[in-house]
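For reference, the structure discussed in these notes is given below.
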Amino acid sequence: MFEYAGAIHIHSHCSDGSGSLKTIVKAARRAGAHFIVISDHNNMKIKRERRSAWSDDVLVIVGEEISPRYNHYLALGIQDEIPPNQESAQANIDAVASQGGVGFISHPFATHKAQPTCKRLDKLLGLDVTVYPWDDLDVEGFDGIEVWQYMYDWVKHVNTFNAVTHAIAPGRFITGPDHRALAMWDAVNLKRKVVGIGTLDAHAKPRVLGMFKACSYRYLFSTIRTHILLPKELTGDAEEDEAEVIASLRYGSCFIANDSLADASGFGFQIRSGGFRYQMGDECPLYNNAELFVVLPRDGEIRILCNGLLIFSREGGSLCMPISHAGNYRIEARLNGRPWIYSNMIYVV
Ligand SMILES: [Zn+2]
Ligand SMILES: [Zn+2]
């Protein structure tokens with residue numbers, strides 16, 4: 001399999017991000033991201049100006065973050081901009097599907113700020129941000145969920161008095177996916193396949209006292225990335241490669257990693273059953289000899305979950321375990337006690 005790490009959910013100066021496409025691509029190349037997904041609020045101006053392209057060895061994919069007041073929805077693989085329907089999250093999901101696109105619920109349990117706060121000081125510090133949670137849990141037909149998002153993981157703990165330390169060392173305050181997002185993801189998958197991705201919501205804007213750019217593009221692009229696994233190498237033909245990347249995200253042949261802890265490239269999760277190997281996103285028939293395999297690029301804690309429940313954990317670099325029950329299997333890995341890797345699921349039936 002060929003593996004590519006992508007920085008997903010990036011705002012440019014075409015909405016409320018601070019950088020041009022050129023700046024963003026340069027940052028991605030320096031961070032070692034193979035592909036990026038730009039998702040400005042309610043517009044695809046960059047796509048209108050230039051089609052998807054390889055630029056400086058980075059594949060640039062342009063989607064849209066459909067952004068009503070609540071229920072932001074990340075859309076990829078759409079041709080025409082979708083104006084946000086303020087009343088109906090379902091209408092936005094359906095609009096993406098009608099264009100053959102793939103859509104992800106954005107920052108579903110967004111919260112901000114630990115107490116205490118001081119409004120005037122927060123404004124001075126640049127902490128007066130509005131949050132945009134997902135508030136309609138009855139929707140159907142979405143393809144995936146942003147299970148782990150860097151900016152909301154970071155900002156949810158920031159308050160007036162710890163802002164400077166958060167700005168100087170943002171990575172120290174990343175605590176992992178919101179447990180409610182993981183629970184929602186596991187629950188929906190009991191009914192149908194829904195893919196989990198890791199994203200950034202990169203704006204490269206927060207400043208503390210006008211001095212620090214707390215989360216620059218370059219910094220963020222080296223943190224939470226979604227690694228896709230493809231059966232063949234990308235070709236250099238941007239349109240063809242964009243289709244491959246999007247198909248992989250739709251299928252769930254991908255995993256989430258905080259690569260700033262350690263590069264997670266090489267992570268492996270398979271189930272072998274009935275003489276065949278099954279990968280993330282696959283449906284796997286259960287035979288007597290079924291075994292689950294995990295390989296980490298560095299020793300860490302390997303946790304195996306079935307239908308959202310932890311069934312086994314162990315320190316090490318690999319493991320092989322027989323399985324005898326159907327269910328949705330996924331892997332979490334921790335490095336030095338910190339959240340590191342979240343696989344997509346293999347569906348044993
Ligand atoms: Zn948003
Ligand atoms: Zn966003």
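Sub-6 Å Cβ pairs linking a first residue in the stretch 56-74 that is free of Cβ contacts under 8 Å to residues at least 40 places away in the same chain to a second residue that is hydrophobic (A, V, I, L, M, F, W, C) and within 13 Å of ligand 2 (Cβ to nearest atom), at least 6 apart or interchain, are V62/I38; G63/V37; G63/A75; E64/A75; I66/A75, ordered by first then second residue. The residue list D122, D80, D128, D94 contains one member that is surrounded by 15 or more Cβ atoms within 10 Å (Cβ to Cβ), of a type in the set (D, E) and either at pLDDT 75 or above or assigned to a loop (DSSP other than H, G, I, E, B) (or both), which is D94. Applying the criterion of at least 3 residues that are within 20 Å of V62 (Cβ to Cβ) and touching a residue at least 24 places away in the same chain (Cβ under 8 Å) to the strands (runs of 3 or more DSSP E) found wholly in the stretch 218-284 leaves 224-230. For the stretch 63-88: of the residues being among the hydroxyl-bearing types (S, T, Y) and more than 20 Å from E242 (Cα to Cα), which is nearest to the chain's Cα centre (by Cα)? Looking at the filtered set, the residue picked out is S67. Among the residues of the stretch 181-200, those identified as within 16 Å of ligand 2 (Cβ to nearest atom) and either part of a strand (DSSP E or B) or at pLDDT below 95 (or both) are I197, G198, T199.
Could you go through the stretch 95-103 and let me know if any residue there is touching a Lys or Arg at 6+ places or on another chain (Cβ under 7 Å), in contact (Cβ under 8 Å) with a residue 12 or more places away in the chain and assigned by TED's automatic domain parsing to the domain that holds M44. Within the stretch 95-103, one or more residues are touching a Lys or Arg at 6+ places or on another chain (Cβ under 7 Å), in contact (Cβ under 8 Å) with a residue 12 or more places away in the chain and assigned by TED's automatic domain parsing to the domain that holds M44.
Among the residues of the stretch 10-67, those that are more than 16 Å from ligand 2 (Cβ to nearest atom) and aliphatic (A, V, I, L, M) comprise L21, V25, A27, A28, A31, A33, A53, V58, L59, V60.
The values are calculated or read from the model by the stated rules, or taken from the named source; none is laboratory data. Predicted model only: the values in this text are computed from it and were never measured. So basically every Cβ, Gly included, is an ideal-geometry build from the backbone, and we count neighbours across all protein chains shown.
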